[in-house]
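Chemist: Below is the structure I would like to discuss, written out as structure tokens.
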Amino acid sequence: MLNLKTNIALLKGDGIGPEIVDSAVAVLKKIGEVFGHSFNFTAYPIGGEALDLTGVPLPEETLKGCLASDSVLLGAVGGPKWDTLPGNLRPERALLGIRAGLGLYSNIRPAKLFPALREASPLRAELAEKGFDLVIVRELTGGIYFGESGRRTGTNGPEAYDTECYSETEIKRIGRVAFKLAQKRSKRLTSVDKANVLESSRLWREVMHQLADEYPDVAYADLLVDNAAMQLVKNPAQFDVMVTSNMFGDILSDEASQITGSIGLLPSSSLGDGTRGMYEPIHGSAPDIAGTGKANPIATVLSAAMMLRDSFFLEKEAKTVENAVANVLNCGYRTADIAAGKPAEALSTAEMTEKILDKIGQ
């Protein structure tokens, strides 16, 4: 049985964040009932919510609360209300701070096309029929998002700059995560870079080649990021595990989400060297539908399943959640984003959550 003192920090955030986190909490509580576990939840402010309450996007109390927890469940941050704030006060800045503060350097983003949603995918029918099941491993605490940035006066007047910088240590660390994950899957790894232009990518490629010698059982390949973007929509089934930098991973994983049929389906985990992780859907706060009941809770529910597996080592429980989601989709239940031209039949956030809970209880 799971330790009864297991604590989960909830960072509901902005927009649809509170709605989808509540759905995932309901699923975790149901898992606790079915399997005899106990999860304790404590909510902390982050993003725009925290700005309104405290004047900063990541209060010290929130970071301390997450550090004291066994794992973290995050909704989403941001919205037009805070778009005019300076960069250091934008809600999104909290994400960089929480990742760095918790030492979460690897972001695992699975992208799978559910057979029941093939028609919702924008891929050609023959590609959707093949399906795909890939994982993007994104370096999370380095690169251009954490490099030196600022504004200055240049030869053509005011200019802004952001610096891409990676150390050999950072590349090795994320590379080993990707190689080990590939060993657990089909032993294929693609490293994505821009080594034909960027010096940081040339170092990335050199280090990844060194690591490849340590994992002879993994078939390794390099791919330039522009080609990777094209290949993802041309034939996603060719990929199994992909590893790349912070910015490239951010962009490619969003592209991968769209070919699954909806960005509302994809979960993610952010992990460091310990068992505590931060789990979140890869989509944003969607302020245009906040409070309308149109949000798809599946990505956040599947993020909770990743938490059960990766932080708490509850494989059976994680699989139960994932099977419940698949069964609900197989039964034809849909939220608005995956309703395939039948919005009148779409379920609300709460209704979809109830369907998933029903399947867990069966």
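What follows is calculated from the coordinates using simple rules that are stated; it is not laboratory data. Quantities reported herein were computed from a predicted structural model and do not represent experimental measurements. Positions of Cβ are backbone-derived with ideal geometry, glycine not excepted, and every protein chain shown enters the neighbour counts.
Chemist: If the cut-off is a Cα-Cα distance under 26 Å, which lysines reach residue 234, setting aside same-chain residues fewer than 8 apart in sequence?
Modeler: Partners within reach: 112, 130, 184, 187, 194.
Chemist: Suppose we take every Cα in region 122-259 and form the convex hull; what volume per residue is that in Å³?
Modeler: Per-residue hull volume (Cα only) is 120 Å³.
Chemist: Compute the distance in nm between two label points, each set 7 Å from the Cα along the Cα-to-Cβ direction, one at residue 180 and one at residue 100.
Modeler: 2.5 nm
Chemist: Between residue 169 and residue 35, what is 0.36 nm times their sequence separation minus the Cα-Cα distance? Round to one decimal in nm.
Modeler: Extra length from residue 169 to residue 35 when fully extended: 44.2 nm.
Chemist: A further question on this structure: Using only DSSP helix segments of four residues or longer, with each worth -39500 (n - 2.57), what per-residue ellipticity at 222 nm results for the chain after dividing by its residue count and rounding to 500?
Modeler: -12500 deg cm²/dmol
Chemist: Given a Förster distance of 35 angstrom, what is the FRET efficiency for residue 6 paired with residue 288, based on the Cβ-Cβ distance and rounded to 0.05?
Modeler: Efficiency, rounded to the nearest 0.05: 0.50.
Chemist: Between residue 53 and residue 89, what is the label-point separation in nm under the 7 Å Cα-to-beta-carbon projection?
Modeler: Here the answer is 1.9 nm between the modelled labels.
Chemist: Restricting the calculation to Cα positions, tell me the Rg (one decimal) and the Dmax (whole number) of the chain in Å.
Modeler: 20.2, 68
Chemist: For 262, 270, what's the fewest-to-most ordering of other Cβ within 10 Å of each Cβ?
Modeler: Ascending Cβ contact count within 10 Å gives the list 262, 270.
Chemist: Oh, and also: How many angstrom separate the Cα center of region 132-173 from the Cα center of region 296-362?
Modeler: 35 Å
Chemist: Over the chain, calculate the relative contact order: mean separation of alpha carbon pairs under 8 Å at least 6 apart, over the residue count, as a percent.
Modeler: Relative CO of the chain lands at 21 percent.
Chemist: Considering Cα pairs under 8 angstrom that are at least six residues apart, work out the relative contact order of region 122-259 and quote it in whole percent.
Modeler: It comes to 37 percent, rounded to a whole number.
Chemist: On a full-extension model of 0.36 nm per residue, what is the gain between residue 226 and residue 196, subtracting their alpha-carbon distance, rounded to one decimal in nm?
Modeler: Here the segment from residue 226 to residue 196 would lengthen by 9.7 nm.
Chemist: Additional query: What FRET efficiency, computed as 1/(1 + (r/R0)^6) with R0 = 45 Å and r the Cβ-Cβ distance, is obtained for residue 206 and residue 255, rounded to the nearest 0.05?
Modeler: The computed FRET efficiency comes out at 0.95.
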